[in-house]
Amino acid sequence: MATFFVVITVNFILPRLMPGSALAVVISLIEGQNGVAATAGSSAIALEVSQLEAAFGLTPAPWYVQYAHYIQGIFTLNLGASITYYPTPVLSIILSGLPWTLFLVVVGAIIAFFLGSYLGSIAGFNRRSRKDLVILIITSILAALPSFVILMYLEMWLSVQHGIFLISFPSKINTSPNSIMALARFYTLPIIALMFTSLSGFVLGMRNNMLHTIRDNYVTYAEILGLDRNRIRKMVYKNSLLPNITAFAIILGLAISQSLTVEGLLTTPGVGFFFGLALTSKDLPLLQGIFLFIAIMLILSIAVVEAIYTILDPRARVSESE
């Protein structure tokens, strides 16, 4: 609970440190509606300005009053209205893009988890070999590349040059086979880009776990018995996998932040697309809502992973009972 309040407090402070004024955006919105120049002190539009300030949570007040209203809005699920999409509530905008973002992030992270754990087990079990060296070099290079850079080159090669995948989000979405195939052709490359970016963490984590577990006595005993090396690797793999499950929550949170850039680049209807618009238009309520969404997703992922870890590892249940 303390972590949650720290996160939402930081979320309250950071958007207010942005340069520029969100109130200026509100005034420009009134100008567009009325077709006349507007200033905050104009008597003709003073009432309209105050109403929009209240709707957007921008009413001039001491910081502690704003913070109290902010906390109240979180617990009542009233995050205010978006300046860019006025009068649409911020929560409705986030919920409309949430399924697309979660699909992109979760699928990419799951693939990275299993593929990275497998490659890490090969590298750890065959330490100081050619396989280990190749896997380490490739994953280290991928770790240094942002997801949008990987996506850009993949799109240029496979979408623009060869036309295998789609670079634009499908205009019509339904349950027909053609629509599903179009979505698959569009989301394949973003998922691969996020998977490549998250891969290195799982590979290096699994490799380090294998190097530690491989020194256990049962591994030496299995080698003395003459068991097949591939069978021994699978045994060590299972015992080394649990710490990687804990890392899954952290990497999933990083993947969510990276997906915002990817979605903004491809203009998909996910949370990242709305984040880009909110950032350029100084839409403070929408920015706060998206930051809050990222923080909550990270906290929830850590809580879920810890619960799964407790179920899979009997030693964790024993330590908790003691």
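The values are calculated or read from the model by the stated rules, or taken from the named source; none is laboratory data. Since the model is a prediction, treat every value here as computed from it, not as a measurement. Here Cβ is always computed from backbone atoms with ideal geometry, including for glycine, and neighbour counts include all displayed protein chains. Heads up: the accessible areas ignore ligands, DNA and RNA and are worked out on the full protein's heavy atoms, side chains in. Shrake-Rupley method; radii C 1.70, N 1.55, O 1.52, S 1.80 Å.
Here are the numbers:
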item: Area of His162 that stays accessible when all protein chains are in place (1.4 Å probe, Å², to 10); result: 100
item: Accessible-area ranking of Thr76, Thr246, Thr310, largest first, probe 1.4 Å; result: Thr76, Thr246, Thr310
item: Carbon and sulfur %, accessible surface of the range 95-310 computed with the full protein complex present, 1.4 Å; result: 69
item: Of every Cα-Cα pair in the range 123-261, the percent that sits beyond 21 Å; result: 57
item: Proximal charge balance of Lys131 [Cβ under 12 Å; K/R count +1, D/E count -1]; result: +4
item: Ranked order, Arg215, Arg130, Arg233 - accessible area, probe 1.4 Å, largest first; result: Arg130, Arg215, Arg233
item: Computed over the range 74-145: relative contact order in percent, which uses C-alpha pairs under 8 Å that are six or more apart; result: 14
item: Kirkwood Rh in Å, taken over all unlike Cα pairs in the range 139-219; result: 15.0
item: Sequence of Glu223, Glu263 when ordered by accessible area, the most exposed leading, probe 1.4 angstrom; result: Glu223, Glu263
item: Accessible area in square angstrom per residue, the range 95-310, 1.4 angstrom probe; result: 50
item: Stokes-Einstein diffusion coefficient of the range 174-322, Kirkwood radius over Cα pairs, 4 °C, 1.567 mPa s, in µm²/s; result: 69
item: P(r) tail fraction, the range 239-290 - alpha-carbon pairs more than 18 Å apart, %; result: 44
item: Accessible area (Å², 1.4 Å probe, nearest 10) - Asp228; result: 100
item: Solvent accessible area, Å² - Val160, 1.4 Å probe, full protein context; result: 100
